[in-house]
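As structure tokens, the structure follows; a few thoughts come after it.
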Amino acid sequence: MAGHDRMTVEGRRFFEQIEELKKLQVRVGIQAGEAQSDEGVDILDIAVWNEVGTDTIPARSFMRQSADGNKAAIEKMCKAQLQKVAQGETAENALKNIGNMQVGFIQDTITKSKTWAEPNAESTKKKKGSDVPLVDTSRMQQSVHFVITPKGGGD
């Protein structure tokens with residue numbers, strides 16, 4: 001069986017990219033310090049208050065809902081990206097594609113927030129001139145991004 005212990009250039013490249021995938025992760029959401037409200041509040045704080053709720057804000061879990069509601073599409077995309085890596089795509093590009101897709105899902109969930117069970121309070125409606133939860137200046141929606149980081153680490 002001579003020759004079966006040798007790997008092609010493509011095979012080496014594939015395994016190098018798999019090793020890269022093992023080391024990296026894509027984090028999707030709102031990153032701290034990237035944007036502030038007109039009142040100077042970090043958009044990440046506003047997102048967290050809405051995601052989990054507070055004493056005065058009902059939970060509107062737009063991030064979890066976007067992941068849970070699109071689980072099959074996310075799994076399909078991950079498999080497709082792994083296939084693309086096998087065909088020559090880089091691990092980083094595969095993660096970028098997954099990140100971009102999930103950004104779209106989160107933004108879409110925010111846009112469709114008219115469907116939230118609990119409407120805005122009257123005081124909120126007066127303040128922002130709208131009764132649509134999660135949408136005011138669109139700054140939170142525009143602040144959804146992804147970053148590729150080493151697994152197990154922060155930035």
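Data table
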quantity	calculated
Residue within the stretch 86-108 that is among the basic types (Lys, Arg) and either free of Cβ contacts under 8 Å to residues at least 12 places away in the same chain or part of a loop (DSSP other than H, G, I, E, B) (or both) present	no
Qualifying residues in the stretch 34-43 (those that are open to solvent by 30 Å² or more (accessible area, probe 1.4 Å) and touching a residue at least 60 places away in the same chain (Cβ under 8 Å)) - the one nearest to the chain's Cα centre (by Cα)	Glu34
Residues of the stretch 34-80 satisfying the condition of being of a type outside the set (A, V, I, L, M, F, W, C) and in a helix (DSSP H, G or I)	Asp45, Asn50, Glu51, Arg64, Gln65, Ser66, Asp68, Gly69, Lys71, Glu75, Lys76, Lys79
Residues of the stretch 15-33 that turn out to be within 20 Å of Val103 (Cβ to Cβ), open to solvent by 60 Å² or more (accessible area, probe 1.4 Å) and outside any strand (DSSP E or B), as a count	2
Cross-chain or 6+ apart pairs with Cβ under 7 Å, the stretch 54-76 first and within 23 Å of Ala94 (Cβ to Cβ), then part of a loop (DSSP other than H, G, I, E, B)	none
Any chance Asp68 is open to solvent by 50 Å² or more (accessible area, probe 1.4 Å) and at negative phi	yes
Selection status of Arg6, farther than 16 Å from Val147 by Cα and surrounded by 11 or more Cβ atoms within 10 Å (Cβ to Cβ)	no
Residue list for the stretch 81-104, filter: under 19 Å from His145 (Cβ atoms) and among the β-branched types (Val, Ile, Thr)	Ile98, Val103
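The values are calculated or read from the model by the stated rules, or taken from the named source; none is laboratory data. The model shown is predicted, which means the values in this text are computed figures rather than measured ones. A quick note on method: Cβ atoms are made from the backbone with ideal geometry, for glycine too, and the neighbour counts reach across all protein chains shown. Just the protein is used for accessible areas: all its heavy atoms, side chains included, with ligands, DNA and RNA removed. Shrake-Rupley method; radii C 1.70, N 1.55, O 1.52, S 1.80 Å.
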